Amino acid sequence: MSMFINGLKYIVLCQSRLYSKNVEQHVSKQYQSISTTIKNCLKDHQIPTADQRAKKCFTHCNAFYMKNSIKKLPTVLERRAKHEYKIVQSIRSLLHSRSDIVVRRTDKSKVFYVGKATDLARETQQYMLKTNVYQEITNGHCPLSYMLYAVQILLSSLVAQKALTIEQCKRITPKTNKLELGHYHGLPKPHQPGTPLRSIIASIHGPATLV
């Protein structure tokens, strides 16, 4: 909200891509994304977002944001934007050239964790050995097709036993064009000693997810 109250300090250089697009349309889409985040935050604190006062506020913010987004940058801010753009480019170049460095989302925060790939690999290995519930595929053979076949056999059996209708079976049958083997990854917890990992199993597109 302070961004709307105090105004944007400058527009980052990446918005030069607006030259080939409809500026107002792009800025409007950007504003909608920001305002939605703010409205959700207000709702979390039981603050109304649809009354007359809120509508007036967001209308004013929209006009203010549009005005400040399309006007030409002052020379000082343009130089600053170019300087920061070069910094971002140098960071990207560094990350592309250093395979031993990884960037990950962190757990329960919106910041990024930058660290060594070996550290994350070690934490992952220790967690897998400790829990003994995850298995690394080392032979290069993916079990996805076997899992899909098992789910299809199960659903066919349930339909034959009239435990499921054909319509229900269609709704929970795995979509082969989106099928993906469930896999483990960890989100770093930099606020804790040793930066442990929060275990995440990405299985939303797994064969048995809907079952």
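Listing V159, V103 from the residue with the fewest other Cβ atoms within 10 Å to the one with the most, what is the order? Present the calculation step by step, with values, prior to reporting the outcome.
Numbers: V159 15, V103 10.
Ascending Cβ contact count within 10 Å gives the list V103, V159.
Exposed loop sites here are GluC sites (Glu not before Pro) assigned a DSSP state other than H, G, I, E or B and surrounded by at most 15 other beta carbons within 10 Å; excluding them, the longest clear run of the chain is 1-135. Counted without the sites themselves, the longest stretch of the chain free of trypsin sites (Lys or Arg not before Pro) in a DSSP loop having at most 13 other beta carbon atoms within 10 Å is 111-161. Please work out the FRET efficiency for the pair S90 and K116, using the Cβ-Cβ distance as r and a Förster radius of 30 Å; give the result to the nearest 0.05. Plugging the Cβ-Cβ distance into 1/(1 + (r/R0)^6) gives 0.95.
Distance distribution P(r), region 115-211, all Cα-Cα pairs, bin width 5 angstrom from 0: 2, 11, 17, 17, 14, 12, 10, 8, 5, 3, 1 percent. So which lysines pass the test for K56, namely a Cα distance under 22 Å, with those fewer than 8 places away in the same chain ruled out? K56 reaches K29, K39, K43, K67. Helix 117-131 and the longest principal axis of the Cα set of the chain meet at an angle near 40°.
Over the chain, all Cα pairs binned in 5 Å intervals from 0 give whole-percent P(r) values of 1, 5, 9, 9, 10, 10, 11, 12, 12, 9, 6, 3, 1, 0, 0, listed from short to long.
Taking amide H atoms as placed 1.01 Å from N in the peptide plane, the amide H of R198 lies under 5 Å from those of L187, K189, each 5 or more residues away in sequence or on another chain. Only lysine pairs 8 or more places apart, or on different chains, with alpha-carbon atoms under 27 angstrom apart are counted in region 101-202, and they number 10.
Between beta-carbons, use under 14 Å as the cut-off and find the net charge around I38, counting Lys and Arg +1, Asp and Glu -1. Let's see the in-between values first.
Working: positive: K39, K43, K55; negative: D44.
Summing Lys and Arg as +1 and Asp and Glu as -1 gives +2.
Considering only Q135, Q30, C61, and ranking their Cα positions along the charge dipole of the chain that arises from unit charges at the beta-carbon of Lys, Arg, Asp and Glu, the one farthest toward the positive end is C61. Loop-located chymotrypsin sites (Phe, Trp or Tyr not before Pro) across region 124-211 with a Cβ neighbour count of 16 or fewer within 10 Å are Y134, with loop assigned by DSSP. Once both labels are positioned 7 Å from their Cα atoms along Cα-to-Cβ, the gap between A54 and T131 label points is 3.9 nm.
Cβ under 13 Å from G115's Cβ, G115 left aside: what net charge do those residues give with Lys, Arg +1 and Asp, Glu -1? Taking every Cβ under 13 Å from that of G115, the sum is +3. Placing pseudo-labels 7 Å out from each Cα toward the beta carbon at K29 and H45 gives an inter-label distance of 3.0 nm.
Every number here is computed from the coordinates shown, using simple stated rules; none is lab data. Since the structure is predicted, the reported quantities are computational estimates derived from the model, not experimental observations. Note that we place each Cβ from the backbone using ideal geometry, even for glycine, and neighbour counts take in every protein chain shown.
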